[in-house]
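Peer 1: My structure is below; once you've seen it, I'll send some questions.
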Amino acid sequence: MSPLSRREFVVAGSAFLSQLAVAQTPQPKLTAGEVVKRIQKQVGIPWRATTVDVIVAGDENTPVNGIASVMMATQDVIERAAAEGKNMIVSHETPFYLQQDKTDDIQGNPVLQYKLDFIRKHNMAIFRFHDHWHARHPDGIAAGMAHELGWDKNVDDPSNPRRLTFPGTPLAKFAQEMQTRLHARTMRVVGDPGMPVHHVQASWGYLGREPGIAMISRPDVDVLICGETREWELVEFARDCVTEGQKKALIVVGHVLSEQGGMILCADWLRSFIPEVPVAYIPTPEPFWNPQHPVKG
């Protein structure tokens, strides 16, 4: 091979230095808005014109250092995310105590102001991811909860992980196993403890009166599971079912624990298309405790 001429050497050297300079040039950081655009592209369903799934705190231009997938952006969760270097939070439920994330009626309240100041001080952004995570196929919350509870094999139809079949496990044992897996402190049950559990309908999160009564009334449903519901509506209907001799039961898990598994799954999903920054799941603690076993926080 013939030696390089002086001119060829200079040209080759200049090209190498140019490539090195490009490689060493700081690349623009991923922003919160860009993360949202990727979520919209990857979720697999058309993005709704009207939705709560928007950045509800912070700015879309916020550079992202890390992402936390959470069930609810409580103050405790936000502080732990900041401590771990995760300044973007993908939160299933509202951080502002109302489904629509409106705060007009509590503007100036010191609790709200403390949270907003903390978010601003730590240059954080919170993206609400509720409607589309539920609407995707299968529902991200339902799929995640089935997996967390070890019920993948019990799902009747993978496209609808809310319907499940079991081999007649007594209700008390069934509920105890749920409580252990979810680390639930205050889960509540209506029904005969010895009733065999065969057919389960899950409705994770809040369940209203009309859909709840329709679900538990179906002949192919033994047990209805929800996160929360009004005690003077669905709970009393379920109790009357039992009093009247029907083989029915209602399990009320608590809202946070009833959807948390879905945000574990969400963290895994986000990692699949956001490689630039670390993505972590941060659990939201159950808010209640049992007086027989008091805990802090």
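Please treat every number below as a calculation from the coordinates, not as lab data. Here the structure is a predicted model, which means the values were calculated and not measured. Here the Cβ is made from the backbone with ideal geometry for all residues, glycine too, and neighbour counts use every protein chain on show.
Peer 1: When you go through (1) surrounded by fewer than 18 Cβ atoms within 10 Å (Cβ to Cβ); (2) within 18 Å of the chain's Cα centre (by Cα) one by one for Gln176, which number turns out not to apply?
Peer 2: Failed condition: (2).
Peer 1: Do we have Glu259 as within 30 Å of Val35 (Cα to Cα), of a type outside the set (Phe, Trp, Tyr) and surrounded by fewer than 21 Cβ atoms within 10 Å (Cβ to Cβ) here?
Peer 2: Working: within 30 Å of Val35 (Cα to Cα): yes; of a type outside the set (Phe, Trp, Tyr): yes; surrounded by fewer than 21 Cβ atoms within 10 Å (Cβ to Cβ): no.
In short, no.
Peer 1: Which ones in the range 250-285 are under 14 Å from Gly227 (Cα atoms) and in contact with an Asp or Glu (Cβ under 7 Å, 6 or more places away or on another chain)?
Peer 2: Taking the range 250-285 as the starting set, the residues that turn out to be under 14 Å from Gly227 (Cα atoms) are 250-262.
Result: Val252, Gly254, His255, Val256, Leu257, Gly261.
Peer 1: Between a first residue in the range 178-191 that is on the phi > 0 side of the Ramachandran plot and a second residue that is β-branched (Val, Ile, Thr) and surrounded by fewer than 17 Cβ atoms within 10 Å (Cβ to Cβ), which pairs have beta carbons less than 8 Å apart while being 6 or more apart in sequence or on different chains?
Peer 2: Sorted first by the residue in the range 178-191, then by its partner, the pairs are Gly191/Val242.
Peer 1: Can you name every residue in the range 217-248 that is under 25 Å from the mean Cα position of the chain (by Cα) and under 25 Å from Val155 (Cβ atoms)?
Peer 2: Those that are under 25 Å from the mean Cα position of the chain (by Cα) and under 25 Å from Val155 (Cβ atoms): Val223, Leu224, Ile225, Cys226, Gly227, Glu228, Thr229, Leu234.
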